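What follows draws every value from the coordinates through simple rules; no lab data is involved. Worth saying up front: this structure is predicted, and the values here are computed from it rather than measured. Cβ: placed from backbone, ideal geometry, glycine included. Neighbour counts: every protein chain shown.
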Amino acid sequence: MGDPTALKPLEMSEVFKNDFINLNMVVSTEVGQTPIGTGNLKKSWTEKDRVYSHYKTNDLPFRFAVASSKYQKKSITHRGINIEVLYDEKHPENVDRLLNNAVLSLDYCIDNFGAYPFEKMSFVEVSAFTSGFAATAYPATIFMTENMIFHTNIDSDPSKDVINELAGHELSHIWWGNSLISPDEREGASMLTESLAMYTEMMIYKKMYGTERMKERVKIHEQIYDNEKGLYGNPPLYKVPYGATHIAYSKGAIAMVELSELIGEDKVDEALRRFLANNKYPKKPTSLDLLEEFYNVAPDEDTKSKIDKLFKSI
Ligand SMILES: [Zn+2]
């Protein structure tokens with residue numbers, strides 16, 4: 001094995017690339033289970049001893065997943081979007097909370113960033129044996145592990161409301177992921193996904209629990225960042241490499257909340273709306289495109305240099 005390809009420097013020229021796919025998938029499983037895919041669900045049917053689901057969506061990043069289990073289902077319709085939770089019959093305790101959070105999170109993202117691009121939103125429980133994530137967002141389907149979400153006792157410590165943390169965060173990845181924008185793979189890319197998802201998560205948390213509680217959560221990220229920057233390196237946020245979670249998530253949350261205090265949450269959201277509008281696929285935006293939108297809503301030069309300090313200094 002050779003060395004991994006070096007990450008592209010941030011300053012390289014801009015990229016337009018047509019690399020999205022039209023997804024057309026049929027998933028089948030045994031009767032009694034529900035076949036789950038990603039994207040919009042067009043049709044479900046049973047034939048002999050198999051159950052089938054047909055998923056079809058155009059213009060998606062090359063990214064899909066499947067699951068199958070004996071699921072219970074609870075669903076609501078909100079703003080014309082079918083929101084459903086598919087869960088194990090032994091784990092019903094957080095389903096309503098998850099649906100409530102999905103509604104709050106969808107409202108925040110639609111009102112502040114723009115329309116939700118799919119016909120439905122599914123939250124799907126997967127096994128605790130699945131490693132590497134607590135929750136992960138695919139187009140129109142978010143997979144969440146049984147131990148982290150469905151079978152966890154939130155009331156034992158409400159300050160650790162993982163449902164809010166994950167529902168808000170993961171849902172916002174529909175906007176800040178690879179669907180509505182498709183960041184170029186270079187330094188700073190995860191500032192456009194994870195740092196913006198952390199910002200959304202914090203603003204929804206603020207709406208639910210107030211500013212003080214939200215700031216307690218930011219403090220936890222300050223501790224994570226301080227503990228890990230010495231061990232894992234400390235490049236500035238706008239050049240964050242892949243895998244540096246203490247920068248993309250923790251420093252991202254800190255810097256974005258500070259930005260919302262510097263110029264106001266409304267201005268941050270305005271900049272994010274413009275960032276989405278100006279960087280549509282097939283353009284592959286970079287962190288410099290996002291900084292440009294922050295400068296555009298800054299009232300003066302002094303504020304611009306403070307913005308630079310948040311994202312470009314260490
Ligand atoms: Zn994330």
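Starting from the Kirkwood radius over alpha-carbon pairs of the stretch 22-172, derive D by Stokes-Einstein at 4 °C in a medium of 1.567 mPa s and give it in µm² s⁻¹.
My calculation gives 82 µm²/s for D.
For K74, what charge total do you get from the other residues with a beta carbon under 13 Å from its beta carbon, if Lys and Arg give +1 and Asp and Glu give -1?
Neighbourhood net charge equals -4.
Compute for the stretch 38-85: radius of gyration divided by Kirkwood radius, i.e. Rg/Rh, restricted to C-alpha atoms, rounded to two decimals.
Using only Cα positions, Rg/Rh for the stretch 38-85 is 0.99.
For the chain, take the longest principal axis of its alpha carbons; what is the angle in degrees between that and the long axis of helix 287-297, to the nearest 10 within 0 to 90?
The angle comes out near 70 degrees.
Relative to the present Cα-Cα distance, how much length would full extension add between K309 and E292 at 0.36 nm per residue of separation?
In short, 4.7 nm is gained.
Below 8 Å, C-alpha to C-alpha, sequence gap of six or more: please give me the relative contact order for the chain in percent.
Reported as a whole number, the value is 17 percent.
So what is the 222 nm mean residue ellipticity for the chain from helices alone, if each DSSP H run of at least 4 adds -39500 (n - 2.57) and you divide by all residues, rounding to the nearest 500 deg cm²/dmol?
It lands at -12000 deg cm²/dmol.
What percent does the relative contact order of the stretch 22-172 come to when contacts are Cα pairs within less than 8 Å and at least six residues apart?
Computed value for the stretch 22-172: 21 percent relative contact order.
Say the cut-off is 19 Å between C-alpha atoms; which of K207/K267; K207/K239; K8/K239 go over it?
K207/K239
Enter the angle in degrees (range 0 to 90, nearest 10) between the Cα long axis of helix 301-312 and the first principal axis of the Cα atoms of the chain, meaning the one along which they spread out most.
Once rounded, the angle reads 60 degrees.
Taking only Cα atoms, what is the 0 to 90° angle, nearest 10, from helix 265-278's long axis to the longest principal axis of the chain?
70
If you wrap a convex hull around the C-alpha atoms of the stretch 175-314 and split its volume per residue, what is the figure in Å³?
95
Within the set of other residues whose C-beta is less than 10 Å from the C-beta of Y238, count the net charge using Lys and Arg as +1 and Asp and Glu as -1.
0
What does the charge dipole of the stretch 189-312 about its Cα centre add up to, to the nearest 20 debye, if the Cβ of each Lys and Arg holds +1 and the Cβ of each Asp and Glu holds -1?
Once rounded to the nearest 20, the dipole reads 340 debye.
Could you pull out every residue, at least 5 positions away or on a different chain, whose amide H is within less than 5 Å of the one on Y116? Hs are placed 1.01 Å off N in the peptide plane, and Pro or chain starts have none.
Those qualifying (amide H under 5 Å, at least 5 residues apart or on another chain) number zero.
For the chain, take the alpha-carbon Rg, divide it by the Kirkwood Rh, and send me Rg/Rh.
Answer for the chain: 0.97.
Relative contact order for the stretch 189-312: what is it in percent, counting Cα pairs under 8 Å that are at least 6 residues apart?
Relative contact order of the stretch 189-312: 32 percent.
Would you list, by chain and number, the aspartates and glutamates whose Cα falls below 17 Å from the Cα of K283, excluding same-chain residues fewer than 8 positions away?
Correct list for K283: E11, E14, D19, D59, D184, E185, E187, E292, E293.
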